[in-house]
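Following: one structure in structure tokens, then a few remarks.
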Amino acid sequence: MASLLEAIEIKRKMFFEHEGVPYHCIDVEVSKPTARGGQTLVRIKMRNLLTRAVFDRTFKAGDKFQEPDLVMSAATFLYSDGDGFHFMDQGNYETLTLGGDLLGDDRFFLADNLQVQVQKFNGNPIGVQFPNIVELTVAHTEPGVRGDTASGGVTKSATLDSGLEIKVPLFIKEGERVKVNTDTREFAGRV
């Protein structure tokens with residue numbers, strides 16, 4: 001049986017189950033009472049992992065939650081088509097097809113043979129966790145002009161082969177491979 005977590009124990013990026021639904025804690029704020037006999041309250045900004053909805057809820061410090069039956073399985077991105085995004089499960093070599101609504105804007109991080117972790121709740125895929133850094137190719141960017149910078153740190157827009165648009169330094173050219181941070185969606189260096 002899964003252990004129980006108290007609301008006061010929940011930290012950022014933790015997973016917990018509330019009313020039979022898995023949630024991911026985005027942010028947490030604890031407010032301690034100033035008067036005697038007041039209760040400590042925990043305000044949690046949480047994402048429903050099934051519907052992707054984000055909202056705030058306030059719980060008493062002693063409220064208990066179960067740990068969700070979340071399983072992470074390694075998978076490799078194969079291709080996308082009209083049916084969705086296809087991954088190969090590295091454990092059993094079966095093909096998993098995930099819909100665009102499940103990936104959302106994270107689909108722009110997908111590149112051939114990218115290794116990801118697929119989250120499964122009760123055996124069904126509910127989300128994908130990407131590595132911190134992905135490597136993508138610059139498909140289009142304006143050339144940087146010498147003399148554009150006065151103090152350095154100047155950037156320009158670049159569209160990557162996946163369709164993601166990010167800011168890159170002026171020296172980056174079309175066709176170059178770049179690293180992108182999946183948390184901040186920012187340029188993280190050249191390959």
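Things to note:
- The residues of region 162-190 that are surrounded by 14 or more Cβ atoms within 10 Å (Cβ to Cβ), in a loop (DSSP other than H, G, I, E, B) and of a type outside the set (Val, Ile, Thr), listed by number, are SER162, LEU164, LEU170, GLU176, ARG185.
- Only one entry of THR58, THR51, THR34 meets the criterion of being hydroxyl-bearing (Ser, Thr, Tyr), surrounded by fewer than 14 Cβ atoms within 10 Å (Cβ to Cβ), in contact with a strand residue (DSSP E or B) (Cβ under 7 Å, 6 or more places away or on another chain) and not assigned by TED's automatic domain parsing to the domain that holds ASP101, and that entry is THR58.
- Residues that are modelled with pLDDT of 85 or more, loosely packed, with under 14 Cβ neighbours inside 10 Å and not acidic (Asp, Glu), drawn from region 134-152: HIS140
- For the criterion of being over 26 Å from ARG47 (Cβ atoms), free of Cβ contacts under 8 Å to residues at least 40 places away in the same chain and either assigned by TED's automatic domain parsing to the domain that holds LEU49 or crowded, with 19+ Cβ neighbours inside 10 Å (or both), THR95 fails.
- Looking across LEU78, LEU102, one residue alone is closer than 21 Å to LEU50 by Cβ and not hydroxyl-bearing (Ser, Thr, Tyr). It is LEU102.
Conditions tested, residue by residue: (1) out of contact with any helix residue (DSSP H, G or I) (no Cβ under 8 Å at 6 or more places or on another chain); (2) modelled with pLDDT of 90 or more; (3) farther than 29 Å from PRO131 by Cβ.
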{"residue": "ALA2", "(1), (2), (3)": "yes, no, no"}
{"residue": "ILE8", "(1), (2), (3)": "yes, yes, yes"}
{"residue": "LYS11", "(1), (2), (3)": "yes, yes, no"}
{"residue": "GLU17", "(1), (2), (3)": "yes, yes, no"}
{"residue": "LEU49", "(1), (2), (3)": "yes, no, no"}
{"residue": "THR58", "(1), (2), (3)": "yes, yes, yes"}
{"residue": "LYS64", "(1), (2), (3)": "no, yes, yes"}
{"residue": "THR76", "(1), (2), (3)": "yes, yes, no"}
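- Scan region 10-20 for residues that are outside any strand (DSSP E or B) and surrounded by 14 or more Cβ atoms within 10 Å (Cβ to Cβ) and the total you get is 2.
- The set of residues in region 156-186 being touching a residue at least 24 places away in the same chain (Cβ under 8 Å) and of a type in the set (Val, Ile, Thr) consists of VAL168, ILE172, VAL178, VAL180, THR182.
The values are calculated or read from the model by the stated rules, or taken from the named source; none is laboratory data. Please read all numbers here as calculations on a predicted model, not as lab measurements. FYI the Cβ positions are ideal-geometry reconstructions off the backbone, even for glycines, and counts take in every protein chain you see.
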